[in-house]
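The values are calculated or read from the model by the stated rules, or taken from the named source; none is laboratory data. Since we're looking at a predicted model, the values are computed, not measured. All Cβ positions, even for glycine, are placed from backbone atoms using ideal geometry, and neighbour counts span all protein chains on display. Please note that ligands, DNA and RNA were not included when accessible areas were found on the heavy atoms of the full protein model with its side chains. Shrake-Rupley method; radii C 1.70, N 1.55, O 1.52, S 1.80 Å.
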Amino acid sequence: MQILVVKDYDAMSQQASHLIAQEMKKNPCAVLGLATGSTPIGTYKELIRMYREEHLDFSRITTFNLDEYAGLDTSHPNSYSYYMRVEFFDHINIKKENTHIPDGKIKDLNMCCRYYDQSIEQAGGIDFQLLGIGPNGHIAFIEPDEALSVHTNIVTLTKETIAANSRFFSSPDEVPRQAISMGVGSILQARKIVLLANGVGKAQAIKNLLASDKVSTQIPASFLYLHPQATIIVDEAAYSLVL
Ligand code: GLP
């Protein structure tokens, strides 16, 4: 696993967007795996700038998002579908039919999970997967547990994640308790993976992750050690507890 320590959030976003743009120029039909949360917003902003000022072309790009809250409609301001439209898709020339996000409102969530992995496969697999990290070491919504699902599945959010994500909701009670999340296997099949982490709030998670090269289901991000092309871009604040 390659680790790039950069100065701050802007440097992290610049670096990540540069890598994504490089991938897109090499392969204009690339399949991108996308993340939500505060971390990738700067990356999306920079990609939008590149689209506007440098004609970065999204017209043949396909995307798959990592996860979605169960029970939230795509029009709900806290759904990841809404986030992706407002923060990214509405500002670039991507075709709506080429963007994929699990449907949190569908009746048969299990079928949605199976269909999601099949769709990724049919698209030829993910070329470049962008990830954030939760304060408890989760990636997507793969929470620390005794065992982790390989495929896209329904997950129950931990108290820690509900608390961390409650900042986007009017109260912690409103945070959905379940979500649909890509599995560890779905993520590890991506050809390249880049995980972003910034700020002191992620320092403990990064310390735990880098403390050893052991894979642990208690630190879902540690599974990236098994990937031949995984990179972590971390800012100085998030790296501050690493000795
Ligand atoms: C959520 C998402 C993750 C994301 C994490 C960190 O739980 N499911 O994909 O990486 O939050 O979010 P943030 O970037 O807001 O710290």
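Quick notes
- Taking every residue in segment 34-55 that is closer than 16 Å to residue 11 by Cα and pairing it with any residue that is of a type in the set (Lys, Arg) and modelled with pLDDT of 95 or more, at least 6 positions away or on another chain, the pairs with Cβ-Cβ distances below 9 Å are 39/202.
- The requirement of being at pLDDT 95 or above, farther than 30 Å from residue 108 by Cα and either more than 13 Å from the ligand (Cβ to nearest atom) or open to solvent by less than 70 Å² (accessible area, probe 1.4 Å) (or both) is not satisfied by residue 67.
- Picking from residues in segment 116-145 that are assigned to a helix (DSSP H, G or I) and surrounded by fewer than 16 Cβ atoms within 10 Å (Cβ to Cβ), the one that is farthest from the ligand (Cβ to nearest atom) is 122.
- Any chance residue 211 is hydrophobic (A, V, I, L, M, F, W, C), open to solvent by less than 10 Å² (accessible area, probe 1.4 Å) and under 17 Å from residue 1 (Cα atoms): no
- If you go through segment 224-243 and keep only what is out of contact with any Gly (no Cβ under 9 Å at 6 or more places or on another chain) and touching a residue at least 40 places away in the same chain (Cβ under 8 Å), you end up with 224, 225, 227, 230, 231, 232, 233, 234, 236, 239, 240.
- Single residue of segment 161-180 satisfying the filter (near the ligand (Cβ under 10 Å from one of its atoms) and surrounded by fewer than 18 Cβ atoms within 10 Å (Cβ to Cβ)) that is modelled with the highest pLDDT: 162
- If the condition is being touching a residue at least 24 places away in the same chain (Cβ under 8 Å) and of a type in the set (Ser, Thr, Tyr), then segment 82-108 contributes 83, 99.
- Filtered residues of segment 193-220 (kept if more than 16 Å from the ligand (Cβ to nearest atom), within 29 Å of residue 109 (Cβ to Cβ) and outside any loop (DSSP other than H, G, I, E, B)): 216
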